[in-house]
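K.L.:
Okay, handing you the structure first.
The values are calculated or read from the model by the stated rules, or taken from the named source; none is laboratory data. This one's a predicted model, so the numbers in the text were calculated from it and none came from an experiment. We place every Cβ from the backbone using ideal geometry, glycine too, and count neighbours over all the protein chains shown. With ligands, DNA and RNA removed, areas are computed over all heavy atoms of the protein, side chains included. Shrake-Rupley method; radii C 1.70, N 1.55, O 1.52, S 1.80 Å.
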Amino acid sequence: MRKRILVVTQHFWPENFRINDIVEGFLSDGIEVDVLCGLPNYPKGEWFDGYDAHGPFEEHFRTAQVFRCREVPRKGNTSVRIFLNYVSWPWNARWALNRLPGGYDAVFCFNTSPVLMCWPAVVYARRHHIPCVNYVLDIWPENLYSVLPVKNKFLRSVAQGVSDWLYRRCDRLIAMSEPLQKRLCERTGKTTADVAVIPQYCEDFYAESIEDAALAERFGGRFNLVFTGTFTPAQSLDTVIRAVCRARSLGAADLHLLLVGDGMSREDLARLVDELGAGDCVTFYGSVPAKDIPRFTALADALIVSLSDSPDLGLTVPAKVASYMAAGKPVIASMDGAGFEAIRAAGCGPACPACDVDALADSLVRLYRASPEERARLGANARAYYLAHYRRSILLKRLETFILDGTVG
């Protein structure tokens, strides 16, 4: 009999999240899948074409049945709207569980923020006596504080208690790194047998090199430093913008930062660019479909990944590290912890402490002045590390095995 998995995740197709590809992988491997998710409005908080507050609430993604639930969109990305978004979807999803046809062998929660996202998964799994497996992508409440400035001690204690309570009630947890595995074991009392380390893979298309003549014509002739992804305070892109300006003043005259994406920090970053008079060296390109990202990585002379200096963000390796390495280009990092160590281990580019503008600027200047042969060597190191550590086929199989059998394989 074919295995069946219920996937619980607030964010799903047509939003750009890796869970879309994971579901495709499950289906290709003969696993039947239903998905419980929200109505697409991330990251701007505006309904995607074809969706609004009235649905649709049921549709198909490939052969997977998709069940959508209402949520308050995060329009404007204010603290109040984000809070309402965080609590509205899990509440509605909890009461939508009766819509599901059942017959599942396991529940799998792809747990980006908020941690409350796994609550309906826990409820369903306990009700039907099947394992609940939670992929912890944003550890809470630490990740919450990188987005919402919660200072009240009582509210922080509530967030800590709720987060730990939910993690403990999942039968199995998946961590992206060994430091995160250790933290989750300490907080939940679980052993490493129930907290597996499975890094996020990247889709195979990130390893493609797609030359785009229009992009080359528009941005060619400069040293293009490319960032792709979501703009939030956790990414500390203000550090990157300041470092680019500093590096140009140190002699990297043709250095150009191309920001591909969008998010809650977009307006603040645009104001910073105006304040620094950096409009000639920073371009906001906007969001593009995930499969278009190789057009930008092919253009790049180097790719940059950054995080704020919150010690808890250092527990994980950002998903974009895998996709950057797959592109076979030099990768420069401004972060601490597991991501910093991954870049150092790969030997694919300079790794600087988080939020250190001067260190990042100096590293940018060195990479800018490096020979084409040296940058090619760094890019080759990146690709080799991707092949050894972030291959989709290997990590997807480990994920399936842990969800269904409780072993890593």
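K.L.:
Would you be able to say whether some residue in the stretch 29-40 is buried (at least 16 other Cβ atoms within 10 Å of the Cβ), closer than 29 Å to PHE205 by Cβ, in contact with a Phe, Trp or Tyr (Cβ under 6 Å, 6 or more places away or on another chain) and small (Gly, Ala, Ser)?
P.N.:
The answer is yes; a qualifying residue exists.
K.L.:
If only one of SER334, SER323 is of a type in the set (Gly, Ala, Ser) and more than 25 Å from LEU396 (Cβ to Cβ), which one is it?
P.N.:
Checking each option against the conditions leaves just SER334.
K.L.:
Further, regarding this structure: From the list VAL365, VAL321, VAL408, VAL317, which residue is open to solvent by 30 Å² or more (accessible area, probe 1.4 Å) and in contact (Cβ under 8 Å) with a residue 12 or more places away in the chain?
P.N.:
VAL408
K.L.:
Moving on. Tell me whether the stretch 80-91 contains one or more residues that are within 29 Å of GLY286 (Cβ to Cβ), part of a loop (DSSP other than H, G, I, E, B) and either in contact with a His (Cβ under 6 Å, 6 or more places away or on another chain) or open to solvent by less than 10 Å² (accessible area, probe 1.4 Å) (or both).
P.N.:
The answer is no; no qualifying residue exists.
K.L.:
Which condition does ARG99 not pass, out of (1) farther than 25 Å from VAL158 by Cβ; (2) at pLDDT below 95, if it passes all the others?
P.N.:
Of everything listed in (1) farther than 25 Å from VAL158 by Cβ; (2) at pLDDT below 95, ARG99 misses just condition (2).
K.L.:
Something else: Taking the stretch 1-52 on its own, how many of its residues are assigned to a loop (DSSP other than H, G, I, E, B), at pLDDT 95 or above and of a type in the set (A, V, I, L, M)?
P.N.:
The total comes to 2.
K.L.:
While we're here: Please go through the stretch 151-170 and give me each residue that is in contact (Cβ under 8 Å) with a residue 40 or more places away in the chain and under 23 Å from the mean Cα position of the chain (by Cα), ordered by number.
P.N.:
VAL162, SER163, LEU166, TYR167, CYS170
K.L.:
Find the residue count for the stretch 348-362, including only residues that are free of Cβ contacts under 8 Å to residues at least 40 places away in the same chain and over 18 Å from SER323 (Cβ atoms).
P.N.:
Residues meeting the conditions: 3.
K.L.:
Does the stretch 53-72 hold any residues that are of a type outside the set (Phe, Trp, Tyr), part of a strand (DSSP E or B) and either touching a residue at least 60 places away in the same chain (Cβ under 8 Å) or open to solvent by less than 20 Å² (accessible area, probe 1.4 Å) (or both), and which are they?
P.N.:
Matches in the stretch 53-72: GLY55, ALA64, VAL66, ARG68, CYS69.
K.L.:
Scan the stretch 240-262 for residues that are farther than 22 Å from SER113 by Cα and open to solvent by 10 Å² or more (accessible area, probe 1.4 Å) and jot them down.
P.N.:
Listed by number, the residues that qualify are ARG242, CYS245, ARG246, ARG248, SER249, LEU250, GLY251, ALA253, ASP254.
K.L.:
Taking only the stretch 94-115 into account, find how many residues are under 22 Å from GLU58 (Cα atoms) and part of a helix (DSSP H, G or I).
P.N.:
Looking only at that region, the number is 4.
K.L.:
Now a separate question. Would you pick out the residues in the stretch 46-101 that are touching a helix residue (DSSP H, G or I) at 6+ places or on another chain (Cβ under 8 Å), within 22 Å of PHE231 (Cα to Cα) and among the β-branched types (Val, Ile, Thr)?
P.N.:
Selection gives VAL72, ILE82, VAL87.
K.L.:
Could you list, in sequence order, the residues of the stretch 109-131 that are basic (Lys, Arg) and either closer than 16 Å to ARG99 by Cα or open to solvent by less than 10 Å² (accessible area, probe 1.4 Å) (or both)?
P.N.:
ARG127, the sole residue that qualifies.
K.L.:
Of all the residues that make up the stretch 189-228, how many are within 18 Å of the chain's Cα centre (by Cα) and of a type outside the set (Phe, Trp, Tyr)?
P.N.:
Selection size over the stretch 189-228: 10.
K.L.:
Also, quick follow-up: Where the second residue is hydrophobic (A, V, I, L, M, F, W, C) and not in a helix (DSSP H, G or I) and the first is within 9 Å of ASN134 (Cα to Cα) and open to solvent by 30 Å² or more (accessible area, probe 1.4 Å) and lies in the stretch 171-183, which pairs have Cβ atoms under 8 Å and are six or more apart or on separate chains?
P.N.:
ASP171/CYS132; ASP171/VAL133; ARG172/CYS132; ARG172/VAL133; ARG172/VAL195; ARG172/ALA196
K.L.:
Applying the selection to the stretch 92-108, what residues are open to solvent by less than 10 Å² (accessible area, probe 1.4 Å) and of a type outside the set (Gly, Ala, Ser)?
P.N.:
Answer for the stretch 92-108, where residues must be open to solvent by less than 10 Å² (accessible area, probe 1.4 Å) and of a type outside the set (Gly, Ala, Ser): LEU97, VAL107, PHE108.
K.L.:
Next question, about the same structure. Please work out which residue is farthest from the chain's Cα centre (by Cα), limiting yourself to the stretch 41-52 and to residues that are open to solvent by 40 Å² or more (accessible area, probe 1.4 Å) and under 23 Å from PRO318 (Cα atoms).
P.N.:
Among those that are open to solvent by 40 Å² or more (accessible area, probe 1.4 Å) and under 23 Å from PRO318 (Cα atoms), it is LYS44.
K.L.:
Give all pairs with beta carbons closer than 9 Å in which a residue from the stretch 87-110 that is free of Cβ contacts under 8 Å to residues at least 60 places away in the same chain meets a residue that is part of a loop (DSSP other than H, G, I, E, B) and among the basic types (Lys, Arg); count only pairs at least 6 apart in sequence or on separate chains.
P.N.:
Listed by first residue and then by second, the contacts come to SER88/ARG70; ASN92/ARG70.
K.L.:
May I ask you to list the residues in the stretch 279-307 that are surrounded by 20 or more Cβ atoms within 10 Å (Cβ to Cβ) and within 20 Å of GLN200 (Cα to Cα)?
P.N.:
ILE293, PRO294, THR297, LEU303, ILE304, VAL305, SER306, LEU307
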